[in-house]
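Down below is the structure, laid out as structure tokens.
The values are calculated or read from the model by the stated rules, or taken from the named source; none is laboratory data. All of these numbers come straight from a predicted model, not from anything done at the bench. Every residue, glycine among them, receives a Cβ derived from its backbone with ideal geometry; neighbour counts consider all protein chains shown.
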């Protein structure tokens, strides 16, 4: 079998082809399963699409769904992380009343990653980069000032 993965529209167009060949929905489903295995539509979906075709609806694109689109407030999530960056995704989901998967997507969009149990930005802010650079300079200067022998403990000192 080829590595081609059909999308929904492709499969629906094939259903129109089978419908025009006067095949039944069950036959169309069987042919799709033979060709595409797991990527095929379910038999129920095939029956529903055949019913639409019988009613004269041949548009294979998904229609807009009614209802208000979901709005996620990143500010609430950021405020919770500022308050306590050790919270798990599950705890954050319970507090915000959404699923854990939603929290995972929002954290990825905020470019946050969990390091040693804390949620931190994936990329350092310029202020944090400067702070790390300054700390490294201080440590290098201290290393140069006090040589290796100065740090050796001999054990015979009283």
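Residues that are closer than 30 Å to residue 16 by Cα, out of contact with any helix residue (DSSP H, G or I) (no Cβ under 9 Å at 6 or more places or on another chain), at pLDDT below 90 and not assigned by TED's automatic domain parsing to the domain that holds residue 24 are absent from the range 77-94 altogether.
When you check residue 144 against the structure, is it outside the structural domain of residue 92 (by TED's automatic domain parsing), loosely packed, with under 10 Cβ neighbours inside 10 Å and at pLDDT 75 or above, yes or no?
On the way: outside the structural domain of residue 92 (by TED's automatic domain parsing): yes; loosely packed, with under 10 Cβ neighbours inside 10 Å: yes; at pLDDT 75 or above: yes.
Taking the combined requirement at face value, the residue satisfies it.
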